[in-house]
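Notes for the one structure printed next.
The values are calculated or read from the model by the stated rules, or taken from the named source; none is laboratory data. In this text the structure is predicted, and so the values were computed from the model without any measurement. Neighbour counts run over all protein chains shown; Cβ positions are idealised from the backbone, glycine included. Calculation scope for accessible area: heavy atoms of the full protein, side chains included, ligands and nucleic acids excluded. Shrake-Rupley method; radii C 1.70, N 1.55, O 1.52, S 1.80 Å.
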Amino acid sequence: MALTRIAVELATRRPSRSYTVFVDPDAGAESRLAAELGRRAPNVRIALLTDTRVDALHRPRFERALRAAGFSPLVKCVAVGEAAKSLGVVEQICESWIDAGLDRSSVVLTLGGGVVGDLGGLCAALFMRGIRYVQVPTTLLSQVDSSVGGKTAVNLPQGKNLVGAFHQPLFVWADVSALATLPARERISGLAEVVKHGLIADEELFLLIEERAEAARAGDLALLAELVARSCAVKAAVVGADEEERSPLVDGGDGGRAKLNYGHTIGHALELESAGRLRHGEAVALGMLAAARVGAALGLGEAGLEGRLENLLNRLGLPTDLDRRLGRTVLERAMHDKKRTGQKVAFVLLSRIGAAELRLLDRDHLTAVLQGSKSG
Ligand SMILES: NC(=O)c1ccc[n+]([C@@H]2O[C@H](COP(=O)([O-])OP(=O)(O)OC[C@H]3O[C@@H](n4cnc5c(N)ncnc54)[C@H](O)[C@@H]3O)[C@@H](O)[C@H]2O)c1
Ligand SMILES: [Zn+2]
């Protein structure tokens, strides 16, 4: 695969605006990224934000390439993990940028997974009322999902992503070669979002990962590049049409950006219940199985999807032990999902593989369906 450019066209903006997601499958991505930055933002200060693991693994080659392109990046490194997504860390980062003399023309470069991207994106949204930033995602999850779409946020003690902003990047540069150093479990967790993108919007993507599940699980980089590009195209189309997730949640509608929540109503509840034992993608895999079961009970989508999906998730190394995990507290958590309207829960289902549909479901009905056994 050659360097692929995917346009995110923000159709709801007046005038409309667009930016590019570059999916770069080859070695030396850092130099091409630095050259693009030189073209788009010459002679500015670059604030590179990363975490300690990516700092050790990848930051040196990116810093070298930026210097070779004439930049003098200021490097700031946060601790690994979700705890970095806090208002305290936002304050520290912004103070360090002020102390270093950054100004409104400066550009933030987030080098890392979704944590660094969400945190750095929010800092960029807030610093001097908003400066430009570039996402350089280095985990599979961040390449296929979090780096595209402009959602930035940090957490509060009360919950995840409760303080944030929509702030679209100048561009995104997915360096697929960086995935070579990613632990297998992180990689496999990211594959769940690829499966999701195929299910909701791209049947060919679903068929591709189904055909090559073992290679995807093993981290075949050429295959991952293709999966990242197709996933980004799905995400770009969805967020382009509904940037700020304002599409009304109506029964039978397409759900707009909310359809990216396929598998997430139950997935989030399982993730919370597991208290850190399930990775996000693992919980989403289980949540998609639950959604397939609900679809079957409503006679929606194709027969046998739950079994077919279970087989795929097994081959990818994702968990499928849904029944064991669907206890009362998980169901209660799911029914209090934020996409709830009164007694109804907005639930994303598939009308077929490659097309999503929103349904407003009665909470008691939904609970009963989920407690029923596998749909086959
Ligand atoms: N903004 C959005 O639209 C959106 C969407 C989905 C998820 N998210 C957020 O993304 C975050 C999760 O992202 P994540 O899964 O990337 O987690 P993460 O950023 O914590 O990265 C996971 C781990 O991988 C390490 N790592 C990163 N790149 C590596 C590489 N190339 N080689 C080796 N190790 C590497 C990191 O240091 C970290 O330890 C959550 O905070 C979630 O809320 C945001
Ligand atoms: Zn997700």
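Here are the numbers for this structure:
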{"item": "The chain - accessible surface per residue (Å², probe 1.4 Å)", "result": "40 Å²"}
{"item": "GNM flexibility winner over the chain from His268, His336, His280 (Cα, springs under 10 Å)", "result": "His336"}
{"item": "Highest-MSF residue in the chain out of Gly304, Gly276, Gly287 [GNM, Cα springs under 10 Å]", "result": "Gly276"}
{"item": "Label-point gap, in nm, between Asn43 and Leu300 - each point 7 angstrom along Cα→Cβ", "result": "5.6 nm"}
{"item": "Accessible surface of the stretch 212-278 [probe 1.4 Å, protein heavy atoms]: carbon and sulfur percent", "result": "51 percent"}
{"item": "Extension reserve of the Arg185-Glu204 stretch, reckoned as 0.36 nm per residue once the Cα distance is removed", "result": "4.4 nm"}
{"item": "Whole-angstrom gap from the stretch 117-150 to the stretch 206-222, using each part's C-alpha centre", "result": "27 Å"}
{"item": "Most mobile of Ala35, Ala229, Ala100 in a GNM of the chain (Cα contacts under 10 Å)", "result": "Ala100"}
{"item": "Distance in nm between pseudo-label sites at Arg13 and Arg32 (7 Å out along the Cβ direction from Cα)", "result": "2.4 nm"}
{"item": "Low-density loop cleavage sites - GluC sites (Glu not before Pro) in the stretch 279-316, where at most 13 other Cβ are within 10 Å (DSSP)", "result": "Glu302"}
{"item": "Fully extended contour minus Cα-Cα distance, from Val250 to Asp323, at 0.36 nm per residue", "result": "23.4 nm"}
{"item": "Fraction of accessible area attributable to carbon and sulfur, the stretch 65-173 (%, probe 1.4 Å)", "result": "55 percent"}
{"item": "The stretch 101-152 - convex hull of alpha carbons, volume per residue in Å³", "result": "61 Å³"}
{"item": "Cubic angstrom per residue, convex hull over Cα atoms of the stretch 234-289", "result": "99 Å³"}
{"item": "Added length on full extension, which subtracts the Cα-Cα distance from 0.36 nm per residue, Asp362 to Asp99", "result": "89.3 nm"}
{"item": "Gyration tensor (alpha-carbon) shape descriptor, the stretch 1-92, a/c threshold 1.5", "result": "oblate"}
{"item": "Taking the C-alpha atoms of the chain, convex hull volume expressed per residue in Å³", "result": "125 Å³"}
{"item": "Cα long-axis angle, helix 87-99 against the chain (0 to 90 degrees, to the nearest 10)", "result": "20 degrees"}
{"item": "Prolate/oblate/rounded label for the stretch 258-371 (Cα gyration tensor, a/c 1.5)", "result": "oblate"}
{"item": "Over the stretch 315-365: Rg over Rh, Cα atoms, Kirkwood Rh", "result": "1.04"}
{"item": "Shape category assigned to the stretch 168-325 from the gyration tensor of Cα positions, a/c cut at 1.5", "result": "rounded"}
{"item": "Three semi-axes of the equivalent ellipsoid, the stretch 39-119, Cα gyration tensor, whole Å, largest first", "result": "21, 16, 10"}
